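Below is one structure, written out as structure tokens; the observations come after it.
Please treat every number below as a calculation from the coordinates, not as lab data. Just so we're clear, the structure is a prediction, and the values are computed from it rather than from any experiment. Every residue, glycine among them, receives a Cβ derived from its backbone with ideal geometry; neighbour counts consider all protein chains shown.
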Amino acid sequence: MASHVKVTIPASTANLGPGFDCLGLALGLFNTVEMWVWEGPATQPLSIEVVGEGAGQILEDERNLILRAVSRVFEKVGSPVPPVCVRATNGIPLGSGMGSSAAAAVGGLVAANALIDGRLSRKEIMRLAYEIEGHPDNAAPAIFGGLVIVSATGDELITQTVDVPPFQVAIALPNIRLSTAEARAVLPPLVPLEDAVFNIGRAALVVKAQPYRRRLFSVYDEVVVAARKAGAAAVALSGAGPSLVAFAADGHESIAKAMGEAIEKAGLDARTFVLPVDRQGVRVSVAG
Ligand code: HSE
């Protein structure tokens, strides 16, 4: 068994507009999870320290997502959980729609799997991440990198990576707190056939369409207008939001700036990012 592993996990933007729960793109902004197996007697089997984004807000007890993911790996392989200590260094803003919870789950799963010499395949890790997250479209790009199409129905989980050239996206994150669960709660369980057909067409084209959640984000329309005026080809909520992601061939800095200014004009603080696509996905180094 390895005694120290380090895992680097990319952020991700999910849905890409119409590809609800089916499309995800990995982004060049990262969390790391370092894991050590304790030597000597352990009074508390699992412990975690969080630094960076979310430090002080993220639970550091057995309810912690990374620790739950670690336990899940050992449960899956039928081994007792060894005493491990974890340091999570977060670059992905929490609750932003940029895949911070998927990064935590994937980080815990992949690090624990590295400790047991990679006994679980990436496919099995993907299945566990999906079970933890409840939707697969952030975990899939976090694991595989790049643009991923994922279809999850019942027991069947199909992932397909799409070869994409290097490109960037502009992201604006308003200072709004909204959980994925809240953003999922406003979605209707059934959609009219006409809307479904429209969305399938748009998903194939990967443009934009997410009408139900728009009302959760007071600044949505202004940000879309500002981004388009600044040259964006398409704008969408990033995952469940509240961040918005803009796609363009160039001019990402000015698009991000315009989006941030539109949010600030509406009286909210904003953070902006210009991020490259991460084409590699989660990476692991085993230190000893
Ligand atoms: N597909 C998920 C949702 C992504 O939109 O609820 C959450 O980041």
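Quickly rank 3-12, 85-94 as a protection proxy: mean count of other C-beta atoms within 10 Å, highest first.
Numbers: 3-12: 24.6, 85-94: 20.0.
Highest mean packing first, the order is 3-12, 85-94.
For G281, which sequence-distant residues (separation of 5 or more, or a different chain) have an amide H within less than 5 Å of its own amide H, given hydrogens modelled in the peptide plane?
Amide H neighbours of G281, under 5 Å, 5+ apart: G145, G146.
Tell me which residues come under 5 Å, amide H to amide H, from I48 once H is placed; ignore anything under 5 positions away on its chain.
Excluding prolines and chain starts, which carry no amide H, the hits are V86.
In terms of the Cα gyration tensor, with a ≥ b ≥ c the square roots of its eigenvalues, is segment 248-288 rounded because a/c is under 1.5, prolate because a/b exceeds b/c, or oblate?
Details: a/c = 5.44, a/b = 2.14, b/c = 2.55.
It comes out oblate by the Cα gyration axes.
Show me, for segment 189-196, the HN-Hα J-couplings you get by feeding each phi into the Karplus relation (A = 6.51, B = -1.76, C = 1.60, θ = phi - 60°), rounded to Hz, glycine and proline as x.
Listing the rounded values in order: x, 10, 10, x, 3, 4, 5, 4 Hz.
Just order 28-34, 48-54 by mean Cβ neighbour count inside 10 Å, highest at the front, would you? Don't skip to the answer; put the middle values down first.
On the way: 28-34: 22.6, 48-54: 17.1.
Per-residue mean Cβ counts within 10 Å order the peptides as 28-34, 48-54.
Compare the Cα positions of N90, S47, S101 along the charge dipole of segment 38-109 (+1 at Cβ of Lys, Arg; -1 at Cβ of Asp, Glu; about the Cα centre) and return the one farthest towards the positive end.
After comparing all options, I get S101.
Hey, what did segment 168-276 get for relative contact order, percent, Cα under 8 Å, at least 6 apart? Spell out each step's value before the answer.
On the way: 169 pairs, mean separation 48.5, N = 109.
The value is 44 percent.
Through the Karplus equation 6.51 cos²θ - 1.76 cosθ + 1.60, θ set to phi - 60°, convert the phi angles of segment 175-188 into ³J(HN,Hα) values in whole Hz; use x for Gly and Pro.
Couplings: 7, 10, 9, 8, 7, 4, 4, 5, 5, 6, 5, 7, 7, x Hz.
Where a Cα-Cα gap under 19 Å defines reach, which lysines qualify for K123, not counting those fewer than 8 residues away within the same chain?
The qualifying lysines are K76.
For segment 168-276, what does the alpha-carbon gyration tensor say about shape, rounded, prolate or oblate, given a ≥ b ≥ c as the root eigenvalues, a/c under 1.5 as rounded, and a/b over b/c as prolate? Provide the component values of the computation, followed by the final result.
Values: a/c = 2.17, a/b = 1.33, b/c = 1.63.
Here segment 168-276 falls in the oblate category.
Identify all lysines with a Cα-Cα distance to K257 below 27 Å; exclude those on the same chain that are fewer than 8 residues away in sequence.
The reachable lysines, counting only those whose Cα sits under 27 Å from K257, are K208, K229, K265.
Sort 70-78, 153-161, 98-106 for me by packing, meaning the mean count of neighbouring Cβ atoms within 10 Å per residue, highest on top. Walk me through the numbers before you get to the answer.
Numbers: 70-78: 16.6, 153-161: 11.2, 98-106: 28.6.
Ranked from most to least packed, the peptides come out as 98-106, 70-78, 153-161.
Between S12 and residues 5 or more places away or on another chain, which pairs have amide H atoms under 5 Å apart, with H built 1.01 Å from N, and which residues are they?
Counting only residues 5 or more places away or on other chains, the set is L27, G99.
Given charges of +1 on the Cβ of Lys and Arg and -1 on the Cβ of Asp and Glu, with all other atoms neutral, how large is the dipole of segment 168-276 about its Cα centre, in debye to the nearest 20? Show your work: numbers first, answer last.
Values: 12 positive and 10 negative charges, 25 e Å.
Magnitude of the dipole: close to 120 debye.
Size of the dipole of the chain about the Cα centre, Lys and Arg at +1 and Asp and Glu at -1 on the beta carbon, nothing else charged, in debye to 20? Kindly include the intermediate steps, with their values, before the conclusion.
On the way: 24 positive and 28 negative charges, 61 e Å.
In total the dipole reaches around 300 debye.
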